[in-house]
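Here the structure is laid out as structure tokens; the discussion comes afterwards.
The values are calculated or read from the model by the stated rules, or taken from the named source; none is laboratory data. What you see is a predicted model, and the numbers here were worked out from it, not measured in a lab. With ideal geometry, Cβ positions are generated from the backbone for all residues, glycine too; neighbour counts draw on all protein chains shown. Just the protein is used for accessible areas: all its heavy atoms, side chains included, with ligands, DNA and RNA removed. Shrake-Rupley method; radii C 1.70, N 1.55, O 1.52, S 1.80 Å.
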Amino acid sequence: MKVIVGLGNPGSRYAGTRHNIGFAVVDYLAASPCAGRFQARFQGQVAEWLEDGLKLLLVKPETFMNLSGRCVREVLDFYKVPVEDLLVVCDDINLPLGKLRMRVRGSDGGQKGLRDIRGHLGTEEYARLRIGVGAPGVVDTADYVLSRFRPTERDAVEEAIHNAAQAALVWATLGAEACMNRYNPEPKKPKAKKDPTEE
């Protein structure tokens, strides 16, 4: 079994906010016919995904973002899942809107949900998939992450959610390295055409 945790805040007040994009990815996966219904367990909402021998546990902690580690710790302890089989999906204000970045370890980068998970697990050696929500020049990041996406951002956000869900499945089936190779690289810029007058 592998565990995919999407971070966010519970309740309609926070639905659709930048901070809840992790929830959105897990909801996208849970909409698959391979997934069962969410049930309230481990201080969160939990659904099982089963397909071709692959079993995933889809988790949305309901402890609020800054206390996400409580739910994650309970899930891993109950199912005896090693941290190597955990993927956390969350927002990142330091990445451009829609950009994905997969890592198998690292600091929380100021993301308080990741910080709390590190505190409860006692390690940073777990995979995380960050999704850029963009915050160029923003002074009050706390208000920014609790804001909703603008209509002009909607297409990019929906594409990012779809791509992040696919990236999570690649991680679960092919491993972290395959996921990083496929989703981390920057798109290649076209080579500038040589000016014939310079020859």
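If you take every DSSP beta bridge fully contained in the chain, what fraction is antiparallel? Give it as a percent rounded to 5. Please list the in-between numbers first.
On the way: 17 of 31 bridges.
Counting only bridges with both partners in the chain, antiparallel ones make up about 55 percent.
A Cα-only calculation for region 25-143 places Rg and Dmax at 14.7, 47 Å.
Solvent exposure of region 21-66 amounts to 48 Å² per residue of accessible area, where only protein heavy atoms count and the probe is 1.4 Å. The heavy atoms of Arg103 present about 100 square angstrom of accessible area, all protein chains included, probe 1.4 Å.
What do you reckon, how do Ser107, Ser32 stack up by accessible area (1.4 Å probe), largest on top?
Accessible-area ranking of Ser107, Ser32, largest first: Ser107, Ser32.
Of the listed residues Phe23, Phe38, Phe78, Phe64, the order by accessible area with a 1.4 Å probe, largest first, is Phe78, Phe64, Phe38, Phe23. Among the protein heavy atoms of the chain, carbon and sulfur supply 51% of the accessible surface, probe 1.4 Å, non-protein parts ignored. For region 31-40, putting each phi into the Karplus relation 6.51 cos²θ - 1.76 cosθ + 1.60 with θ = phi - 60° gives couplings of 6, 5, x, 6, 9, x, 7, 5, 10, 7 Hz, in residue order, rounded to whole numbers and with x for Gly and Pro. Note: region 36-88, Cα convex hull, 78 Å³ per residue. In this simple spin-label model, placing a label point 7 Å from the Cα along the Cα-to-Cβ direction at both Thr173 and Gln39 gives a separation of 2.6 nm.
Full extension of the segment from Glu158 to Asp108, taken as 0.36 nm per residue of separation minus the current Cα-Cα distance, would add 15.5 nm.
Relative to the Cα centre, the charge distribution of the chain, modelled as +1 at Lys and Arg Cβ and -1 at Asp and Glu Cβ, gives a dipole magnitude of about 140 debye. For the chain, would you read off the P(r) tail past 30 Å as a percentage of all alpha carbon pairs? Here the tail beyond 30 Å accounts for 19 percent of pairs. In a fully extended conformation the segment linking Leu121 and Arg150 would gain 6.9 nm over its present Cα-Cα distance, using 0.36 nm per residue.
Summing +1 for each Lys or Arg and -1 for each Asp or Glu, what net charge is found among the other residues whose Cβ lies under 11 Å from the Cβ of Leu56?
Details: positive: Lys2, Lys55; negative: Glu48, Glu51, Asp85.
Combined, the nearby Lys, Arg, Asp and Glu give -1.
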